[in-house]
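Structure, as structure tokens:
The values are calculated or read from the model by the stated rules, or taken from the named source; none is laboratory data. Bear in mind the structure is a predicted one, so any value in this text is a computation, not a measurement. All Cβ positions, glycine included, derive from the backbone under ideal geometry; neighbour counts span all protein chains shown.
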Amino acid sequence: MQEARRKSMGAAALIGAGLMAAVDEIIFHQILAWHHFFDRSTPAIGLLSDGLLHAAEIVALVAGFFWLSELRARGMLVPRAAWAGGLLGAGVFQIFDGVINHKVLRLHQIRYVDPVWPYDVAWIGFALILVLTGLRLARS
């Protein structure tokens, strides 16, 4: 049973990370046009980096759904653990993006305004809510 929980969480975490990457890319990169994945070069490189992010998120989503489908077919899917994994995957992706990509590597900022900190607080705050909800669900 522990292996089934772990695998259910892992598969759904992959889906959660891919889904959060898709939300980020579609809303913030395309619709709002606040930034590209890599903003420290030309607009063409920014578009290329967005395309590579999009390809990676599709791979994560497809792989995660195939893994989840396999677990379900084998009777090993633990729905509560899968929900926890999905929330954790989404939240960890968003924390990684907000801390590592935005602040450490400075690949881009969430939005190029002054002050940017309210956007950073909202981004990381929402991510923490996802992670804490996923952890609470995983423990129950």
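Given the conditions (1) in contact (Cβ under 8 Å) with a residue 12 or more places away in the chain; (2) at positive phi, and given that Gly75 satisfies all but one, which numbered condition is not satisfied? Failed condition: (1). Does Arg111 satisfy the condition of being surrounded by fewer than 20 Cβ atoms within 10 Å (Cβ to Cβ), touching a residue at least 24 places away in the same chain (Cβ under 8 Å) and touching a Lys or Arg at 6+ places or on another chain (Cβ under 9 Å)? In short, no.
Give the residue, chosen from Ala84, Ala11, Ala55, Ala22, that is among the small types (Gly, Ala, Ser) and more than 21 Å from Val131 (Cα to Cα).
Ala55
Can you find even one residue in the stretch 43-62 that is touching a Lys or Arg at 6+ places or on another chain (Cβ under 9 Å), in contact (Cβ under 8 Å) with a residue 40 or more places away in the chain and buried (at least 16 other Cβ atoms within 10 Å of the Cβ)? No, the stretch 43-62 contains no residue that is touching a Lys or Arg at 6+ places or on another chain (Cβ under 9 Å), in contact (Cβ under 8 Å) with a residue 40 or more places away in the chain and buried (at least 16 other Cβ atoms within 10 Å of the Cβ).
Checking the condition closer than 13 Å to Phe37 by Cα and in a helix (DSSP H, G or I), which residue from Ile100, Ile95 passes? The conditions single out Ile100.
So that you can scan it fast, the table gives a plain yes or no per residue for (1) at pLDDT below 95; (2) assigned to a loop (DSSP other than H, G, I, E, B):
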position	(1), (2)
Ser8	no, no
Gly16	no, no
Ala22	no, no
Phe28	yes, no
His36	yes, yes
Leu47	yes, no
Leu61	no, no
Glu70	no, no
